[in-house]
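Trainee: Supplied in structure tokens, the structure appears directly below.
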Amino acid sequence: MLKNIDRETRKKAILTATINKHILEAEPVASEDIAEHFDLSSATIRNIFSELEDAGYLTHPYTSGGRIPTQKGYRYYVDFLLSQMQLLDEEKSQITKEYKKKTRRLEDTLEETSEVIAQTTHYAGIVSFLEWQDKIFYKGLSRILEQPEFKDAEKIRLLIKVVEDKQQLLGLINRDFTDKVKVYIGTELEYPEIKNCSLIVSSYRRKNKPQGKLAVLGPVRMEYNYIIPALEYISEVLSETMESID
């Protein structure tokens, strides 16, 4: 399938397939795993793995093991390889269902939104409201701790420390950005305690004015191709809901 395309396009396709498989299985990816999806030999895949590793997109945790994405690999994946991200209609319906209930207090709506984010993405959902500098809503921390990356007790302790520090958490998600969604991967968060995490942030508005931020916190190995459009859609629905709150 990839034999008749140029080498750079082939490398991108193999990088994408490798990252997708690692995201789903949380295990190093062997050349045989990728070769079975393409009309290429395992030896050819290994050569391309080596090139991708030399370029800094993949690494291998063991001397003779499979490959896993590096932070650079995930960044390239998010920036250049996920151009067709969109939610299915049934996924949108599931998100909007909670918002069709009778409008309640602002605080209830924001707390519910953090729960919707956690349920939709299976990671921690965080919501801030710009006028409340000392208040933040978050749900789903336990969902992060279920991931293989957090079997280590010290990683758990550091993660909980960051999440429970409200000012630190607000500082993380309330950063200014001009994009519709901002993705911070690993060390881009600038908090060494959670360098094995990624944070996806979106804004919500009321009367066309910024009101606060929505965020998903999870491991670097997360399903960006689903979570990014999901968070975008939740921010759109919350912005609409905010118009009906006094």
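Trainee: Looking only at segment 133-159, filter to residues that are out of contact with any His (no Cβ under 9 Å at 6 or more places or on another chain) and small (Gly, Ala, Ser); which one of those is modelled with the highest pLDDT?
Mentor: SER142
Trainee: Exactly one condition in (1) in a helix (DSSP H, G or I); (2) out of contact with any helix residue (DSSP H, G or I) (no Cβ under 7 Å at 6 or more places or on another chain); (3) not charged (D, E, K, R) is not met by PRO61; state its number.
Mentor: Of everything listed in (1) in a helix (DSSP H, G or I); (2) out of contact with any helix residue (DSSP H, G or I) (no Cβ under 7 Å at 6 or more places or on another chain); (3) not charged (D, E, K, R), PRO61 misses just condition (1).
Trainee: Given the options GLU36, GLU25, name the one that is farther than 16 Å from PHE80 by Cα and either under 26 Å from the mean Cα position of the chain (by Cα) or at pLDDT 90 or above (or both).
Mentor: GLU25
Trainee: Output the number of the condition that VAL162 fails; it satisfies all remaining conditions of (1) modelled with pLDDT under 90; (2) hydrophobic (A, V, I, L, M, F, W, C); (3) in contact with a strand residue (DSSP E or B) (Cβ under 7 Å, 6 or more places away or on another chain).
Mentor: (3)
Trainee: Moving to a separate point now. Can you tell which of LEU170, LEU158, LEU141 is under 16 Å from the mean Cα position of the chain (by Cα) and of a type in the set (A, V, I, L, M)?
Mentor: Going through LEU170, LEU158, LEU141 in turn, just one is under 16 Å from the mean Cα position of the chain (by Cα) and of a type in the set (A, V, I, L, M): LEU141.
Trainee: Right, here's the next one. May I ask you to list pairs of residues, at least six apart or on different chains, whose Cβ atoms are under 7 Å apart, with the first in segment 37-66 being farther than 15 Å from GLU27 by Cβ and the second being assigned to a loop (DSSP other than H, G, I, E, B) and at pLDDT 95 or above?
Mentor: Correct list of pairs: GLY56/THR70; TYR57/THR70.
Trainee: Take segment 131-163 and flag every residue that is aromatic (Phe, Trp, Tyr) and farther than 30 Å from LEU106 by Cβ.
Mentor: If the condition is that a residue be aromatic (Phe, Trp, Tyr) and farther than 30 Å from LEU106 by Cβ, then PHE150 is the only one that fits.
Trainee: If you don't mind, there's one more thing I want to ask. Please note which strands (runs of 3 or more DSSP E) are completely contained in segment 149-228 and include at least 2 residues that are without any contact (Cβ under 8 Å) to a residue 60 or more places away in the chain and either within 18 Å of SER239 (Cα to Cα) or of a type in the set (S, T, N, Q) (or both).
Mentor: Output list reads 181-185, 197-206.
Trainee: Kindly indicate which of TYR99, TYR138 is in contact with a Ser or Thr (Cβ under 6 Å, 6 or more places away or on another chain) and assigned to a helix (DSSP H, G or I).
Mentor: Just a single option satisfies the conditions, and that option is TYR99.
Trainee: Just to be sure, is ILE68 of a type in the set (Val, Ile, Thr) and assigned to a helix (DSSP H, G or I)?
Mentor: It is false that ILE68 is of a type in the set (Val, Ile, Thr) and assigned to a helix (DSSP H, G or I).
Trainee: Of the residues that make up segment 176-190, is at least one modelled with pLDDT under 90, over 16 Å from the mean Cα position of the chain (by Cα), surrounded by fewer than 14 Cβ atoms within 10 Å (Cβ to Cβ) and of a type in the set (Lys, Arg)?
Mentor: No, there is no match, as no residue in segment 176-190 is modelled with pLDDT under 90, over 16 Å from the mean Cα position of the chain (by Cα), surrounded by fewer than 14 Cβ atoms within 10 Å (Cβ to Cβ) and of a type in the set (Lys, Arg).
The values are calculated or read from the model by the stated rules, or taken from the named source; none is laboratory data. Because the structure is a prediction, the values reported are computed rather than measured. All Cβ positions, even for glycine, are placed from backbone atoms using ideal geometry, and neighbour counts span all protein chains on display.
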